[in-house]
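Accompanying notes for the structure given below.
The values are calculated or read from the model by the stated rules, or taken from the named source; none is laboratory data. These figures come from a predicted structure and were not determined experimentally. Quick reminder, even Gly has a Cβ in these numbers, built from the backbone with ideal geometry, and neighbours come from all protein chains shown. The accessibility values were calculated without ligands, DNA or RNA, using every heavy atom of the protein model including side chains. Shrake-Rupley method; radii C 1.70, N 1.55, O 1.52, S 1.80 Å.
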Amino acid sequence: MPIEDVLQKADEAGLRLVRFLWCGNDGTVRAKASSRHGLEGRLRAGIGLTVAMQAMNSLDQLQPVEGMGPVGEVRLVPDPDTFRVLPYAPAAGAVLVDHLGLDGEPARVCQRSFLKRQAARLAERDVVLEASFENEFTLSVQDESGGFRPVDESLCFSTIGMTASQEYVEALADALERQEIELEQYYAELGHGQQEISTGHAPALRAADEQILVRETIRGVAAQMGYVASLAPKPWPEAAGNGGHIHFSLWSKDGSRNLFHDASRVDRLSGEGRGFIAGVLAHLPGLCGLAAPSFNSYHRIVPQYWAGAFTAWGHDNREAPLRVPSVFAGMEEASTNAELKAADATCNPYLAVGGLIAAGLDGLEHGLEPPEPVEVDPVTIPDAEREARGIHRLPATQEEALDALEADAVLTTALGPVLTDSYLAVRRSEWSAYSLQDPEFEQRGHFLKY
Ligand code: GLU
Ligand code: MG
(Lines give C-alpha, C1' and ligand atoms only; values in the text may rest on other atoms or scores of the structure.)
(Ligands and ions follow the chains in the order given, each with its own letter.)
Protein backbone atom coordinates (compact mmCIF):
# COMPACT_ATOMS: atom_id res chain seq x y z
CA MET A 1 0.00 0.00 0.00
CA PRO A 2 1.51 3.36 -0.95
CA ILE A 3 2.24 5.69 1.97
CA GLU A 4 -0.29 8.19 0.56
CA ASP A 5 -3.03 5.59 1.02
CA VAL A 6 -1.99 5.01 4.63
CA LEU A 7 -2.23 8.73 5.29
CA GLN A 8 -5.62 8.96 3.62
CA LYS A 9 -6.98 6.02 5.61
CA ALA A 10 -5.58 7.47 8.82
CA ASP A 11 -7.41 10.71 8.13
CA GLU A 12 -10.67 9.02 7.17
CA ALA A 13 -10.57 7.14 10.48
CA GLY A 14 -9.64 10.31 12.40
CA LEU A 15 -6.50 8.75 13.83
CA ARG A 16 -4.40 10.68 16.31
CA LEU A 17 -1.73 8.04 16.89
CA VAL A 18 -0.24 5.20 14.85
CA ARG A 19 1.59 2.51 16.83
CA PHE A 20 4.82 1.21 15.33
CA LEU A 21 4.69 -2.37 16.65
CA TRP A 22 7.53 -4.81 17.00
CA CYS A 23 8.10 -8.12 18.72
CA GLY A 24 11.47 -8.56 20.37
CA ASN A 25 13.72 -11.42 21.39
CA ASP A 26 11.59 -11.73 24.54
CA GLY A 27 8.42 -12.34 22.48
CA THR A 28 6.58 -9.39 23.98
CA VAL A 29 4.93 -6.82 21.69
CA ARG A 30 6.09 -3.26 22.21
CA ALA A 31 5.48 -0.04 20.30
CA LYS A 32 6.27 3.60 19.83
CA ALA A 33 3.47 5.68 18.39
CA SER A 34 3.62 8.56 15.93
CA SER A 35 1.15 11.41 16.09
CA ARG A 36 -0.71 12.20 12.86
CA HIS A 37 1.49 15.26 12.60
CA GLY A 38 4.81 13.98 11.27
CA LEU A 39 3.40 10.57 10.39
CA GLU A 40 4.38 10.81 6.73
CA GLY A 41 8.04 11.40 7.55
CA ARG A 42 8.06 8.60 10.12
CA LEU A 43 6.41 6.17 7.71
CA ARG A 44 9.32 6.84 5.36
CA ALA A 45 12.29 7.23 7.72
CA GLY A 46 11.03 5.28 10.70
CA ILE A 47 11.15 6.03 14.42
CA GLY A 48 14.44 5.87 16.29
CA LEU A 49 14.97 3.20 18.92
CA THR A 50 17.90 2.39 21.15
CA VAL A 51 19.82 -0.70 20.01
CA ALA A 52 19.53 -1.94 23.60
CA MET A 53 15.87 -2.96 23.28
CA GLN A 54 16.74 -6.25 21.64
CA ALA A 55 18.82 -7.09 24.71
CA MET A 56 15.84 -6.55 27.02
CA ASN A 57 14.12 -9.59 28.52
CA SER A 58 10.46 -9.96 29.40
CA LEU A 59 11.16 -8.65 32.92
CA ASP A 60 12.62 -5.42 31.49
CA GLN A 61 16.08 -6.51 32.59
CA LEU A 62 18.69 -5.34 30.13
CA GLN A 63 21.23 -8.02 29.30
CA PRO A 64 24.88 -7.43 28.48
CA VAL A 65 24.99 -8.10 24.73
CA GLU A 66 27.78 -6.78 22.55
CA GLY A 67 26.62 -3.82 20.45
CA MET A 68 23.32 -3.51 22.34
CA GLY A 69 24.22 -1.08 25.08
CA PRO A 70 23.38 2.57 25.71
CA VAL A 71 25.09 3.84 22.55
CA GLY A 72 23.51 3.36 19.15
CA GLU A 73 20.20 3.58 17.32
CA VAL A 74 18.11 1.57 14.92
CA ARG A 75 15.15 2.78 12.90
CA LEU A 76 11.74 1.16 13.19
CA VAL A 77 10.65 1.41 9.56
CA PRO A 78 7.06 0.35 8.83
CA ASP A 79 5.81 -1.94 6.13
CA PRO A 80 2.87 0.18 4.88
CA ASP A 81 1.02 -2.98 3.77
CA THR A 82 0.56 -3.91 7.43
CA PHE A 83 -1.32 -0.71 8.34
CA ARG A 84 -4.51 -1.21 10.30
CA VAL A 85 -6.99 1.00 12.11
CA LEU A 86 -7.25 -0.51 15.60
CA PRO A 87 -10.87 -1.21 16.55
CA TYR A 88 -10.03 -1.63 20.24
CA ALA A 89 -8.13 1.62 20.82
CA PRO A 90 -9.57 5.10 20.34
CA ALA A 91 -8.27 7.02 17.29
CA ALA A 92 -5.32 4.66 16.96
CA GLY A 93 -3.78 2.66 14.13
CA ALA A 94 -0.84 0.29 13.86
CA VAL A 95 1.90 -0.83 11.49
CA LEU A 96 4.48 -3.60 11.79
CA VAL A 97 8.10 -2.55 11.40
CA ASP A 98 11.50 -3.78 10.34
CA HIS A 99 14.56 -2.85 12.35
CA LEU A 100 16.90 -1.03 9.96
CA GLY A 101 20.40 0.24 10.67
CA LEU A 102 21.24 3.89 10.01
CA ASP A 103 22.55 2.77 6.60
CA GLY A 104 19.01 1.70 5.69
CA GLU A 105 19.91 -1.99 5.61
CA PRO A 106 18.11 -4.53 7.83
CA ALA A 107 19.74 -4.65 11.26
CA ARG A 108 21.28 -8.06 11.86
CA VAL A 109 19.02 -8.55 14.87
CA CYS A 110 15.83 -7.83 12.88
CA GLN A 111 13.57 -10.87 13.35
CA ARG A 112 11.15 -9.80 10.62
CA SER A 113 14.04 -9.58 8.15
CA PHE A 114 15.17 -13.05 9.27
CA LEU A 115 11.77 -14.43 8.26
CA LYS A 116 11.98 -12.59 4.92
CA ARG A 117 15.37 -14.24 4.29
CA GLN A 118 13.93 -17.69 4.99
CA ALA A 119 10.91 -16.99 2.75
CA ALA A 120 13.34 -15.87 0.03
CA ARG A 121 15.12 -19.23 0.26
CA LEU A 122 11.78 -20.89 -0.48
CA ALA A 123 11.12 -18.42 -3.29
CA GLU A 124 14.34 -19.60 -4.95
CA ARG A 125 12.58 -22.95 -5.24
CA ASP A 126 9.44 -21.17 -6.49
CA VAL A 127 7.48 -22.11 -3.38
CA VAL A 128 5.70 -20.25 -0.61
CA LEU A 129 5.03 -21.41 2.96
CA GLU A 130 1.42 -20.81 3.93
CA ALA A 131 0.90 -20.69 7.68
CA SER A 132 -1.86 -20.03 10.16
CA PHE A 133 -1.97 -19.75 13.93
CA GLU A 134 -4.49 -21.31 16.28
CA ASN A 135 -4.43 -19.30 19.48
CA GLU A 136 -5.74 -20.65 22.75
CA PHE A 137 -6.09 -18.09 25.51
CA THR A 138 -7.62 -17.50 28.89
CA LEU A 139 -10.32 -14.93 29.54
CA SER A 140 -10.27 -13.77 33.15
CA VAL A 141 -11.21 -11.04 35.54
CA GLN A 142 -8.87 -9.55 38.08
CA ASP A 143 -10.16 -9.74 41.65
CA GLU A 144 -9.58 -7.26 44.49
CA SER A 145 -6.47 -9.09 45.67
CA GLY A 146 -4.94 -8.68 42.22
CA GLY A 147 -5.32 -12.37 41.31
CA PHE A 148 -6.97 -13.64 38.13
CA ARG A 149 -10.17 -15.65 38.04
CA PRO A 150 -11.32 -17.42 34.84
CA VAL A 151 -14.63 -16.08 33.52
CA ASP A 152 -16.26 -19.51 33.65
CA GLU A 153 -15.90 -23.07 34.86
CA SER A 154 -17.34 -24.49 31.69
CA LEU A 155 -16.68 -27.81 30.00
CA CYS A 156 -14.73 -28.39 26.81
CA PHE A 157 -16.63 -26.98 23.77
CA SER A 158 -19.45 -26.20 26.15
CA THR A 159 -22.18 -23.89 24.91
CA ILE A 160 -22.43 -22.61 28.49
CA GLY A 161 -18.83 -21.44 28.06
CA MET A 162 -19.77 -19.90 24.72
CA THR A 163 -22.62 -18.02 26.35
CA ALA A 164 -20.42 -16.81 29.21
CA SER A 165 -18.05 -15.10 26.77
CA GLN A 166 -20.37 -14.33 23.88
CA GLU A 167 -20.21 -10.56 24.08
CA TYR A 168 -16.44 -10.59 24.26
CA VAL A 169 -16.19 -13.05 21.37
CA GLU A 170 -18.59 -11.02 19.25
CA ALA A 171 -16.46 -7.91 19.83
CA LEU A 172 -13.30 -9.91 19.06
CA ALA A 173 -14.76 -11.28 15.81
CA ASP A 174 -15.83 -7.78 14.80
CA ALA A 175 -12.39 -6.32 15.62
CA LEU A 176 -10.65 -9.02 13.56
CA GLU A 177 -12.98 -8.48 10.61
CA ARG A 178 -12.35 -4.74 10.65
CA GLN A 179 -8.64 -5.49 10.41
CA GLU A 180 -9.27 -7.86 7.51
CA ILE A 181 -8.01 -10.81 9.52
CA GLU A 182 -10.04 -13.85 8.62
CA LEU A 183 -11.56 -15.64 11.61
CA GLU A 184 -12.07 -19.33 10.84
CA GLN A 185 -13.38 -20.92 14.04
CA TYR A 186 -14.06 -20.10 17.65
CA TYR A 187 -14.89 -22.33 20.60
CA ALA A 188 -14.71 -22.51 24.35
CA GLU A 189 -11.72 -24.80 24.98
CA LEU A 190 -11.12 -27.28 27.76
CA GLY A 191 -9.77 -25.06 30.53
CA HIS A 192 -11.83 -22.74 32.67
CA GLY A 193 -12.18 -19.44 30.82
CA GLN A 194 -10.17 -20.93 27.95
CA GLN A 195 -11.02 -19.82 24.42
CA GLU A 196 -9.67 -20.76 21.03
CA ILE A 197 -9.71 -18.92 17.73
CA SER A 198 -8.17 -19.96 14.45
CA THR A 199 -7.46 -17.48 11.70
CA GLY A 200 -6.96 -17.95 7.97
CA HIS A 201 -3.69 -19.02 6.42
CA ALA A 202 -1.43 -16.56 4.66
CA PRO A 203 2.09 -16.47 3.22
CA ALA A 204 4.72 -16.71 5.98
CA LEU A 205 5.44 -13.02 6.54
CA ARG A 206 1.80 -11.99 6.55
CA ALA A 207 0.92 -14.88 8.85
CA ALA A 208 3.54 -13.71 11.37
CA ASP A 209 2.45 -10.06 11.08
CA GLU A 210 -1.16 -11.10 11.64
CA GLN A 211 -0.20 -13.21 14.65
CA ILE A 212 1.06 -10.05 16.34
CA LEU A 213 -2.11 -8.18 15.41
CA VAL A 214 -4.25 -11.08 16.68
CA ARG A 215 -2.41 -11.18 20.01
CA GLU A 216 -2.92 -7.43 20.34
CA THR A 217 -6.60 -7.74 19.45
CA ILE A 218 -7.29 -10.60 21.89
CA ARG A 219 -5.89 -8.53 24.76
CA GLY A 220 -7.06 -5.13 23.54
CA VAL A 221 -10.72 -6.09 23.16
CA ALA A 222 -10.60 -7.77 26.58
CA ALA A 223 -9.13 -4.70 28.26
CA GLN A 224 -11.85 -2.51 26.78
CA MET A 225 -14.48 -4.75 28.36
CA GLY A 226 -12.82 -5.01 31.76
CA TYR A 227 -11.34 -8.48 31.23
CA VAL A 228 -7.77 -9.66 31.24
CA ALA A 229 -7.02 -12.01 28.34
CA SER A 230 -3.81 -13.97 28.50
CA LEU A 231 -2.00 -16.18 26.03
CA ALA A 232 0.40 -17.47 28.71
CA PRO A 233 1.23 -21.11 27.88
CA LYS A 234 0.27 -22.42 31.31
CA PRO A 235 -2.05 -19.89 32.92
CA TRP A 236 -2.47 -21.98 36.07
CA PRO A 237 -0.57 -25.07 37.18
CA GLU A 238 -2.67 -28.19 36.46
CA ALA A 239 -5.01 -26.28 34.10
CA ALA A 240 -5.08 -26.86 30.35
CA GLY A 241 -2.26 -25.10 28.54
CA ASN A 242 -2.65 -22.40 25.93
CA GLY A 243 -1.12 -23.57 22.67
CA GLY A 244 -0.31 -21.38 19.69
CA HIS A 245 -0.32 -24.17 17.13
CA ILE A 246 1.09 -23.35 13.69
CA HIS A 247 -0.45 -25.02 10.63
CA PHE A 248 1.71 -25.02 7.53
CA SER A 249 1.96 -26.24 3.96
CA LEU A 250 4.04 -25.39 0.87
CA TRP A 251 2.39 -23.93 -2.19
CA SER A 252 3.49 -23.15 -5.71
CA LYS A 253 4.40 -19.49 -6.14
CA ASP A 254 1.19 -18.70 -8.02
CA GLY A 255 -0.90 -20.33 -5.28
CA SER A 256 -2.44 -22.85 -7.66
CA ARG A 257 -0.96 -26.04 -6.16
CA ASN A 258 -0.48 -27.34 -2.65
CA LEU A 259 2.86 -29.14 -2.83
CA PHE A 260 2.14 -31.04 0.41
CA HIS A 261 -0.72 -32.80 -1.39
CA ASP A 262 -0.49 -36.03 -3.34
CA ALA A 263 -3.88 -37.52 -4.25
CA SER A 264 -2.34 -40.94 -4.85
CA ARG A 265 -1.29 -41.48 -1.24
CA VAL A 266 -3.59 -42.66 1.51
CA ASP A 267 -2.68 -39.80 3.84
CA ARG A 268 -2.43 -37.40 0.84
CA LEU A 269 0.99 -36.26 2.03
CA SER A 270 3.43 -35.77 -0.86
CA GLY A 271 7.13 -36.60 -0.93
CA GLU A 272 7.82 -32.89 -0.57
CA GLY A 273 5.54 -32.74 2.46
CA ARG A 274 7.27 -35.75 4.00
CA GLY A 275 10.73 -34.27 3.39
CA PHE A 276 9.73 -30.95 4.93
CA ILE A 277 8.18 -32.64 7.97
CA ALA A 278 11.26 -34.83 8.36
CA GLY A 279 13.37 -31.66 8.53
CA VAL A 280 11.09 -30.08 11.12
CA LEU A 281 11.16 -33.26 13.19
CA ALA A 282 14.96 -33.50 12.98
CA HIS A 283 15.28 -29.94 14.32
CA LEU A 284 12.32 -30.01 16.69
CA PRO A 285 14.25 -29.75 19.99
CA GLY A 286 16.08 -26.64 18.77
CA LEU A 287 12.94 -25.29 17.16
CA CYS A 288 11.24 -25.50 20.56
CA GLY A 289 13.72 -22.83 21.67
CA LEU A 290 12.13 -20.51 19.11
CA ALA A 291 8.49 -21.65 19.04
CA ALA A 292 7.91 -22.43 22.73
CA PRO A 293 10.58 -20.21 24.19
CA SER A 294 9.50 -19.14 27.67
CA PHE A 295 10.00 -20.42 31.19
CA ASN A 296 6.25 -21.02 31.40
CA SER A 297 6.21 -22.89 28.03
CA TYR A 298 7.65 -26.03 29.63
CA HIS A 299 4.90 -26.34 32.16
CA ARG A 300 2.63 -26.73 29.14
CA ILE A 301 4.74 -29.17 27.08
CA VAL A 302 4.27 -32.22 29.30
CA PRO A 303 2.86 -35.64 28.35
CA GLN A 304 -0.90 -36.10 28.19
CA TYR A 305 -1.86 -32.45 27.93
CA TRP A 306 -2.18 -32.64 24.11
CA ALA A 307 0.72 -30.29 23.54
CA GLY A 308 3.08 -32.97 22.13
CA ALA A 309 5.98 -33.82 24.44
CA PHE A 310 8.02 -36.30 22.35
CA THR A 311 9.89 -36.08 19.06
CA ALA A 312 7.18 -37.72 16.99
CA TRP A 313 4.82 -37.10 14.11
CA GLY A 314 1.50 -38.78 13.55
CA HIS A 315 -1.82 -38.66 11.75
CA ASP A 316 -4.60 -37.00 13.71
CA ASN A 317 -2.45 -37.60 16.80
CA ARG A 318 -2.90 -34.81 19.31
CA GLU A 319 -0.06 -36.09 21.48
CA ALA A 320 2.36 -35.68 18.57
CA PRO A 321 4.00 -32.25 18.36
CA LEU A 322 3.82 -32.65 14.58
CA ARG A 323 0.34 -33.68 13.55
CA VAL A 324 -0.84 -34.37 10.02
CA PRO A 325 -4.59 -33.75 10.13
CA SER A 326 -6.89 -35.81 7.94
CA VAL A 327 -8.14 -33.95 4.87
CA PHE A 328 -11.71 -32.73 4.32
CA ALA A 329 -13.88 -34.34 1.65
CA GLY A 330 -14.13 -32.14 -1.41
CA MET A 331 -11.28 -29.92 -0.14
CA GLU A 332 -8.54 -32.54 -0.16
CA GLU A 333 -5.82 -30.42 -1.71
CA ALA A 334 -6.67 -27.21 0.11
CA SER A 335 -6.82 -28.95 3.48
CA THR A 336 -3.58 -30.97 3.31
CA ASN A 337 -1.25 -29.49 5.91
CA ALA A 338 0.81 -30.21 9.00
CA GLU A 339 0.53 -28.69 12.45
CA LEU A 340 3.30 -27.78 14.87
CA LYS A 341 1.76 -28.16 18.31
CA ALA A 342 4.97 -27.49 20.26
CA ALA A 343 4.43 -23.76 19.83
CA ASP A 344 2.83 -21.05 21.92
CA ALA A 345 2.05 -17.36 21.74
CA THR A 346 5.05 -16.30 23.82
CA CYS A 347 7.14 -16.87 20.71
CA ASN A 348 8.32 -14.18 18.38
CA PRO A 349 6.29 -15.37 15.37
CA TYR A 350 8.95 -14.23 12.88
CA LEU A 351 11.51 -16.44 14.62
CA ALA A 352 9.14 -19.40 14.99
CA VAL A 353 7.98 -19.39 11.36
CA GLY A 354 11.46 -18.57 10.04
CA GLY A 355 12.91 -21.41 12.12
CA LEU A 356 10.19 -23.73 10.81
CA ILE A 357 11.18 -22.88 7.24
CA ALA A 358 14.91 -23.35 7.93
CA ALA A 359 14.22 -26.75 9.51
CA GLY A 360 11.85 -27.91 6.77
CA LEU A 361 14.23 -26.75 4.04
CA ASP A 362 16.99 -28.79 5.61
CA GLY A 363 14.75 -31.83 5.20
CA LEU A 364 14.12 -31.02 1.53
CA GLU A 365 17.76 -30.19 0.76
CA HIS A 366 18.98 -33.46 2.26
CA GLY A 367 16.15 -35.64 0.97
CA LEU A 368 15.19 -36.66 4.52
CA GLU A 369 12.41 -39.21 5.05
CA PRO A 370 10.40 -39.07 8.26
CA PRO A 371 10.51 -42.09 10.57
CA GLU A 372 7.42 -44.27 11.06
CA PRO A 373 4.51 -42.11 12.18
CA VAL A 374 3.41 -42.58 15.78
CA GLU A 375 -0.28 -43.44 15.87
CA VAL A 376 -0.66 -43.86 19.66
CA ASP A 377 0.04 -41.62 22.62
CA PRO A 378 3.86 -41.84 22.72
CA VAL A 379 3.92 -42.00 26.51
CA THR A 380 2.17 -45.39 26.31
CA ILE A 381 5.04 -46.92 24.31
CA PRO A 382 7.46 -48.79 26.62
CA ASP A 383 10.60 -46.72 27.30
CA ALA A 384 13.00 -49.13 25.61
CA GLU A 385 10.87 -49.36 22.45
CA ARG A 386 10.44 -45.60 22.37
CA GLU A 387 14.18 -45.02 22.54
CA ALA A 388 14.82 -47.71 19.91
CA ARG A 389 12.41 -45.92 17.58
CA GLY A 390 14.20 -42.61 18.16
CA ILE A 391 11.26 -41.06 19.97
CA HIS A 392 12.73 -38.84 22.66
CA ARG A 393 11.31 -36.47 25.22
CA LEU A 394 11.30 -32.89 23.92
CA PRO A 395 13.16 -30.34 26.07
CA ALA A 396 11.60 -30.36 29.53
CA THR A 397 12.67 -26.84 30.48
CA GLN A 398 13.35 -23.49 28.83
CA GLU A 399 17.03 -24.03 29.56
CA GLU A 400 17.08 -27.37 27.72
CA ALA A 401 15.24 -25.87 24.76
CA LEU A 402 17.74 -23.02 24.51
CA ASP A 403 20.65 -25.46 24.76
CA ALA A 404 19.09 -27.49 21.93
CA LEU A 405 18.74 -24.33 19.87
CA GLU A 406 22.36 -23.37 20.46
CA ALA A 407 23.47 -26.87 19.44
CA ASP A 408 21.45 -26.77 16.20
CA ALA A 409 23.81 -25.46 13.51
CA VAL A 410 21.09 -25.31 10.85
CA LEU A 411 18.97 -22.98 12.98
CA THR A 412 21.80 -20.84 14.33
CA THR A 413 23.35 -20.48 10.87
CA ALA A 414 20.00 -19.31 9.51
CA LEU A 415 19.61 -16.85 12.42
CA GLY A 416 23.17 -15.53 12.14
CA PRO A 417 25.43 -14.79 15.11
CA VAL A 418 23.94 -11.45 16.19
CA LEU A 419 20.39 -12.75 16.39
CA THR A 420 21.48 -16.07 17.92
CA ASP A 421 23.62 -14.49 20.62
CA SER A 422 21.20 -11.74 21.61
CA TYR A 423 18.25 -14.14 21.59
CA LEU A 424 20.00 -16.72 23.77
CA ALA A 425 21.21 -14.03 26.18
CA VAL A 426 17.70 -12.61 26.59
CA ARG A 427 15.91 -15.92 26.95
CA ARG A 428 18.55 -17.48 29.21
CA SER A 429 18.30 -14.50 31.53
CA GLU A 430 14.59 -15.26 31.90
CA TRP A 431 15.46 -18.81 32.87
CA SER A 432 17.86 -17.48 35.53
CA ALA A 433 15.35 -14.98 36.87
CA TYR A 434 12.29 -17.26 37.01
CA SER A 435 14.26 -20.23 38.40
CA LEU A 436 14.86 -18.27 41.59
CA GLN A 437 11.21 -17.36 42.05
CA ASP A 438 8.01 -19.09 43.11
CA PRO A 439 5.12 -20.29 40.89
CA GLU A 440 3.06 -17.17 41.64
CA PHE A 441 5.80 -14.92 40.29
CA GLU A 442 5.97 -17.10 37.17
CA GLN A 443 2.22 -16.98 36.73
CA ARG A 444 1.92 -13.21 37.05
CA GLY A 445 5.01 -12.67 34.92
CA HIS A 446 3.61 -14.58 31.98
CA PHE A 447 -0.09 -13.94 32.47
CA LEU A 448 0.29 -10.20 32.18
CA LYS A 449 2.92 -10.01 29.46
CA TYR A 450 1.63 -12.35 26.78
N1 GLU B 1 -4.48 -27.01 24.90
C2 GLU B 1 -3.63 -27.92 24.17
C3 GLU B 1 -2.23 -27.32 24.08
O4 GLU B 1 -1.71 -26.92 25.07
C5 GLU B 1 -4.17 -28.25 22.80
C6 GLU B 1 -5.51 -28.90 22.78
C7 GLU B 1 -5.92 -29.14 21.34
O8 GLU B 1 -6.49 -28.23 20.75
O9 GLU B 1 -5.57 -30.18 20.79
O10 GLU B 1 -1.65 -27.24 23.06
MG1 MG C 1 -7.34 -26.41 20.92
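Miscellaneous remarks
- When the pairs K32/K116; K32/K253; K32/K234 are compared against a 25 Å limit on Cα-Cα distance, K32/K253; K32/K234 fall above it.
- Measuring only protein heavy atoms, the 1.4 Å probe finds V95 accessible over about 0 Å².
- Mean ellipticity per residue at 222 nm, deg cm²/dmol - from DSSP H runs of n ≥ 4 across the chain, formula -39500 (n - 2.57): -11000 deg cm²/dmol
- Taking all protein chains together, T138, T413 sort by accessible area into T413, T138, largest first [probe 1.4 Å].
- Gyration tensor (alpha-carbon) shape descriptor, region 7-153, a/c threshold 1.5: rounded
- A cut-off of 5 Å between modelled amide H atoms, ignoring neighbours fewer than 5 places along the same chain, links L190 with F157.
- Proximity of backbone amide H atoms, modeled 1.01 Å from N, is registered between Q63 and M56, N57 at under 5 Å, excluding neighbours fewer than 5 places apart on the same chain.
- Computed over protein heavy atoms with a 1.4 Å probe, the accessible surface of the chain works out to 41 Å² per residue.
- E365/V71 FRET efficiency (R0 41 Å; Cβ-Cβ; nearest 0.05): 0.55
- Across the chain, the longest piece that holds none of the GluC sites (Glu not before Pro) lying in DSSP loops with up to 16 other C-beta atoms within 10 Å covers 239-374.
- Tensor-based shape of region 1-86 (alpha-carbon gyration tensor, a/c under 1.5 rounded, otherwise prolate or oblate): prolate
- Residue with peak Gaussian network fluctuation, the chain [Cα springs, cutoff 10 Å], from D103, D174, D267: D103
- Carbon + sulfur, % of accessible area of the chain - ligands and nucleic acids excluded, 1.4 Å: 52
- Rounded if a/c under 1.5, otherwise prolate or oblate - the chain, Cα gyration tensor axes: rounded
- Among beta bridges identified by DSSP and lying wholly in the chain, the antiparallel ones come to about 85 percent.
- With both residues required to sit in region 228-376, DSSP beta bridges show an antiparallel share near 70%.
- Rounded to the nearest Hz, the phi-derived 3J(HN,Hα) couplings of region 227-243 under the Karplus curve 6.51 cos²θ - 1.76 cosθ + 1.60 (θ = phi - 60°) are 9, 10, 9, 9, 9, 3, x, 10, x, 9, x, 6, 7, 4, x, 9, x, where x marks glycine and proline.
- Among the chymotrypsin sites (Phe, Trp or Tyr not before Pro) within region 260-332, those in coil by DSSP and having at most 10 neighbouring Cβ atoms inside 10 Å are F328.
- Relative contact order, whole percent, for the chain stands at 17, derived from Cα pairs under 8 Å and 6 or more residues apart.
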